[in-house]
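The values are calculated or read from the model by the stated rules, or taken from the named source; none is laboratory data. Worth saying up front: this structure is predicted, and the values here are computed from it rather than measured. Note: ideal-geometry Cβ built from the backbone for every residue, glycine included; neighbour counts use all protein chains shown. The area values use the complete protein model at the heavy-atom level, side chains included, leaving out ligands, DNA and RNA. Shrake-Rupley method; radii C 1.70, N 1.55, O 1.52, S 1.80 Å.
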Amino acid sequence: MPLEIIGAGFGRTGTNSLRLALEHLGFGPCHHMFEVRDKPELLPDWEAAARGERVDWDQVFRGYRSQVDWPGARYWRELARHFPAAKVILSVRDPDAWFDSVQATIAPFVAARGSHASPHVNAIAEMSYRTVVAQIFDDRMSERAHATRVFREHIGEVQSEIAADRLLTFDLRDGWRPLCDFLEVAMPEIPFPRTNSSKEFVDQEWKQAQAQAAPT
């Protein structure tokens with residue numbers, strides 16, 4: 001089952017809410033960083049990709065109908081080529097609000113690599129450092145001007161390289177309608193998902209680390 005939807009948006013652009021929305025619309029399972037967190041067997045492929053090694057994208061996304069968030073979004077060009085029939089969703093938000101969210105969540109999580117309670121969480125943090133902080137932001141993710149410039153440039157690159165009829169630039173504040181119109185599905189009657197605030201991110205990562213570190 002090839003991917004039907006490729007999420008090209010950076011992490012902290014509402015990707016978990018988008019994941020829940022896609023799964024509700026029938027495009028699940030959806031691959032997200034939380035999948036790597038909860039399924040350690042998925043991590044080695046992403047570690048290999050972070051090292052620049054070739055990976056089998058069909059194998060990486062076996063069983064998934066959609067993908068959002070990092071680490072997958074780091075490879076949006078490769079995925080768009082490998083899955084030419086897949087539609088692309090570029091989740092966006094205000095660049096400064098995005099930067100503030102990253103600094104409250106992803107940045108400290110990655111910076112703490114090596115000190116998390118769980119070896120698996122430490123390995124995710126190391127992979128995220130290589131994939132995101134080093135490769136996308138040139139080790140300058142904590143610099144507002146640089147990081148927001150990379151964020152804006154990324155949006156422009158996706159919009160210029162992906163055909164307009166294949167791409168949805170999506171601000172989650174717009175809710176169901178643009179997403180459902182793009183995917184040609186009926187609009188649900190439930191509210192659009194709103195989840196994974198900065199506080200929820202920190203709490204979830206801490207709880208996950210503690211759970212995996214607990215003796216069995």
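Sorting the segments 13-22, 143-152 by their residues' average number of neighbouring beta-carbon atoms within 10 angstrom, most packed first, yields 13-22, 143-152. Within segment 85-161, the proportion of C-alpha pairs whose separation exceeds 14 Å stands at 66%. Rolling a 1.4 angstrom probe over the protein heavy atoms with all chains in place gives the chain an accessible area of 47 Å² per residue.
Quantify, in whole percent, the carbon and sulfur part of the accessible surface of the chain (1.4 Å probe; protein heavy atoms only).
50
Taking all protein chains together, ARG12, ARG166, ARG173 sort by accessible area into ARG173, ARG166, ARG12, largest first [probe 1.4 Å].
Scale the Cα Rg of the chain by the rule-of-thumb value 2.2 N^0.38 Å and send over the ratio, two decimals.
Normalised Rg, Cα atoms only: 0.97.
With helices as the sole contributors, the chain gives -13500 deg cm²/dmol at 222 nm; each DSSP H run of n ≥ 4 counts as -39500 (n - 2.57), and the sum is divided by every residue. Packing, taken as the mean count of other beta carbons within 10 Å per residue, orders the peptides 67-76, 126-135 from highest to lowest as 67-76, 126-135. In the chain, Cα pairs under 8 Å separated by at least six residues give a relative contact order of 29 percent.
Taking packing as the residue-averaged number of other Cβ atoms within 10 angstrom, the listed peptides 180-192, 107-119 run from highest to lowest as 107-119, 180-192. Scattering from segment 1-103 was approximated by placing one identical point on each alpha carbon and applying the Debye formula without solvent; log10 I(q)/I(0) at 0.11, 0.12 1/Å stands at -0.31, -0.37.
Please compute the alpha carbon radius of gyration of segment 31-74, then divide it by the globular-protein estimate 2.2 N^0.38 Å. Two decimals is fine.
1.04
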